[in-house]
Amino acid sequence: MVFKIRHGLLECTNSPPNKKSAIIFNGEFIITSAYILYPHFREYHSSLNNGNSVIEKLRRHEAISGDNEYLKEFDFEITYDRHKVQSKEKNLLRFKAKILYLFNCRDILASAENILNGLRQHEAGDDIESYNAALHKLMISSFIILQTVYSANKGDNFKKFIIHMKNYIKFISPINKLDDVLTISTPFGMESFYKTMNIGKVSNVFGINSCLFTISNNLVNGCEGAAVINSKLRLIGMITCTTFHWNNENANLTLAANFRHVLKEFLQKIGETYTNGTIIRSPSNPHWENAVVLLSNDGAWGTGSLVKIRKSKFILTCSHVIKTPSDKIFCHYTDGSFEANLLWMNPHYNRPYDIAVIEIPITIPDHYFLDISKTMPHIGQTIYSAGFPLISKLGKDMFRPSLYEGRIVKFSPGMIISDASIQAGQSGGPLLDANGKLIGVSVSNSKDHETQLIYPNINMSVPVANIKSELEDFARTKDINSLNNLIAGTEIQDVWALKAPLVECKL
């Protein structure tokens, strides 16, 4: 029995119908995110007694058999393409499927609760909101295994499937930040988008035993349950949470469950033993990570960079990150945390440059600090935005700055525009070149003033090349007043005001 992995589109045909991406093994067994069942559990009322009993079992991290009376009521249809790659037939195949097991992963639930509790999207209000918020986290950490109903020798095939899963665990390598990944999904659950492929990178790895990771791919509803494949074409993860609308922002939080972790927890729940793999991989520890600082001040948070010029050491960030200049600024970095005072910030909130400088009152090793790039940015240059988007807990509770790859799409005097994801919480964070050198300070993403929507992949940064001489003067003289030269003149103000150039009419 060869282990063949394919992409599928799974539909729960019960009302309300719901479609999500799925992973098919040997054309018979299907694994997907239990989020496909979220609409059937989210209405909290007394008539859902059977459903509530299933939820309680999930909360106890039990593996619930498909023989459960409530789960037996669900009908599914799985759609996928033909086996022959060279076949001229473009039609998709569709089969009925039934649940074999529904289970929750304890570590993934605990980790999801830890990182998502800070988002307004998941904050509890009344009883129904509280129930649905808890249910959301429960379902994105739960998974379903199904089997097509036409299958012959179901019991024997499932035993073989278990054997293959045990073997597959041995060859899944650990996941590191900046690993190349490929996702195969069906956006919006529409057959027209069947088997859409997106290439990206791992932007963060966190959770208990690295059970969760985020990727730079900006995926949408319907992609939950999709496969995440590494550069060696190994299945390493499954999408559990996609882009959602939060606080007028298209929040890019594509969250994936470590597939090895999912398999191991499932095997444990059904009483199967397994052997861990022998693949050993050193965790990624890019030097830039030590230089990224989470800043919090009067309830607001942002990101900063450890910078050393000559013998002067300080934190470089944005002025708008500092809510109350007179208060202490709490700084969290690789080795711990400390309180610091503001040295200087631009007093004009509507004038560039949006820069602030913070003292470093403790001793930090020299190799933690970023080097400043000596070259000018250029269009098409690969860059990386680093920081703590959306979730401050990633910095406060488990120091995990995220990293998003992009390119410079426009460069004007005084402004870098890039397509790397920059979201709430990343303001003041470093924009790095491919060598990890500082080329910019992230300031803002883009907002459509008509719709009030915010777009994280069109963003602006201050080029360090434009403020380097002022920072060097401060490092040389220790005169804080010299930083007043960071307040830009009219030409740069026009750039940051997005003032349109003059158009010579030739009509």
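For the stretch 359-507, the fraction of C-alpha pairs farther apart than 21 angstrom is 52 percent. In terms of surrounding Cβ atoms within a 10 Å radius of their Cβ, S231, S312 rank from fewest to most as S231, S312. In the chain, inverting the average of 1/r over every pair of distinct C-alpha atoms gives 24.6 Å as the Kirkwood radius.
Extents of the stretch 426-507, taken as max minus min of Cα coordinates on every principal axis and listed largest first, are 53, 29, 25 Å.
Would you mind ranking L93, L71, L253 so that the residue whose beta carbon has the fewest other beta carbons within 10 Å leads the list?
L93, L71, L253
About the centre of its Cα atoms, the chain shows a dipole size close to 1740 debye [charges on the beta carbon of Lys, Arg (+1) and Asp, Glu (-1) only; nearest 20 debye]. Each stretch of four or more DSSP H residues adds -39500 (n - 2.57); spread over every residue of the chain, this sum gives -5500 deg cm²/dmol at 222 nm.
Annotation: aspartates and glutamates with alpha-carbon distance below 20 angstrom to K201 (same-chain offsets under eight excluded): D179, D180, E224, E289, E405, D419, D433. Going from the residue with the fewest nearby Cβ atoms within 10 Å to the one with the most, D366, D179 rank D366, D179.
Once you keep just the Cα pairs under 8 angstrom separated by 6 or more residues, what percentage relative contact order results for the stretch 324-382? Don't skip to the end; give the middle numbers.
Details: 48 pairs, mean separation 12.8, N = 59.
Answer for the stretch 324-382 is 22 percent.
Of interest is the spacing of the C-alpha centroids, which for the stretch 343-389 and the stretch 206-266 amounts to 30 Å.
Counting Lys and Arg as +1 and Asp and Glu as -1 over every other residue whose Cβ lies under 12 Å from the Cβ of D327, the net charge comes to 0. Taking other residues whose beta carbon is less than 13 angstrom from the beta carbon of Y368, and scoring Lys, Arg as +1 and Asp, Glu as -1, yields -2. What number, in percent, do you get for the relative contact order of the chain if the mean sequence gap of Cα pairs under 8 Å and at least 6 apart is divided by its residue count? For the chain, the relative contact order is 11 percent.
For the stretch 144-195, what log10 I(q)/I(0) values come out of the Debye formula at q = 0.17, 0.21 1/Å, with one point per alpha carbon and no solvent? Cα-only, vacuum Debye calculation for the stretch 144-195: -0.92, -0.98. The residues neighbouring K20, those whose beta-carbon lies less than 10 Å from its own, together hold a net charge of -1 under the Lys/Arg +1, Asp/Glu -1 convention.
Taken together, the values in this text are just the output of simple stated rules run on the coordinates, not laboratory data. It should be emphasised that the depicted structure is a prediction, and the values quoted were computed from it without experimental measurement. All Cβ positions, glycine included, derive from the backbone under ideal geometry; neighbour counts span all protein chains shown.
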